[in-house]
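First the structure, in the form of structure tokens, and then the observations on it.
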Amino acid sequence: MAAATLLVVLASASAIVQARKGQWWTAAAHFLPSLGVAALLGGLEWSRTSLFWLAGMFVVAGLGAEVVAYWRSRRSARERVGQ
């Protein structure tokens with residue numbers, strides 16, 4: 001339980017820093033997977049329920065946000081090189 005709480009606190013702090021920079025996809029990529037993993041660690045007894053699948057979807061959505069953030073950063077880097 002303490003590990004899950006620490007994970008959420010650290011991810012929240014990182015997401016806040018990224019959001020203040022205006023990097024919303026990166027903030028979501030930091031917060032959503034950690035929230036899902038913390039829920040999965042905290043609720044191992046409720047596997048095969050809808051909450052388990054919701055936590056899994058948080059992880060998947062966070063990884064998707066990470067892909068979008070990476071793609072956007074690569075695209076902006078290519079545009080800067082092309083100028």
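The values are calculated or read from the model by the stated rules, or taken from the named source; none is laboratory data. Quick caveat, the model's predicted, so the values are computed rather than measured. Every residue, glycine among them, receives a Cβ derived from its backbone with ideal geometry; neighbour counts consider all protein chains shown. Note: accessible area is taken over every heavy atom of the protein model, side chains too, but ligands, DNA and RNA are not part of it. Shrake-Rupley method; radii C 1.70, N 1.55, O 1.52, S 1.80 Å.
The table that follows gives values for the structure above.
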| item | result |
| --- | --- |
| Pick from the stretch 12-34, criterion out of contact with any Leu (no Cβ under 8 Å at 6 or more places or on another chain) and among the small types (Gly, Ala, Ser), ranking: surrounded by the fewest Cβ atoms within 10 Å (Cβ to Cβ) | 22 |
| Criterion violated by residue 64 - all others in (1) closer than 21 Å to residue 7 by Cβ; (2) loosely packed, with under 15 Cβ neighbours inside 10 Å; (3) at pLDDT 85 or above satisfied | (2) |
| Residue list for the stretch 36-61, filter: modelled with pLDDT of 85 or more, farther than 15 Å from residue 4 by Cβ and open to solvent by less than 60 Å² (accessible area, probe 1.4 Å) | 61 |
| Pairs where the first residue, in the stretch 1-21, is in contact (Cβ under 8 Å) with a residue 24 or more places away in the chain and part of a helix (DSSP H, G or I) and the second is surrounded by 12 or more Cβ atoms within 10 Å (Cβ to Cβ) and hydroxyl-bearing (Ser, Thr, Tyr), C-beta under 7 Å, 6+ apart | 7/34; 8/34; 11/34 |
| Meets criteria (part of a helix (DSSP H, G or I), in contact (Cβ under 8 Å) with a residue 40 or more places away in the chain and open to solvent by 70 Å² or more (accessible area, probe 1.4 Å)) for residue 72 | yes |
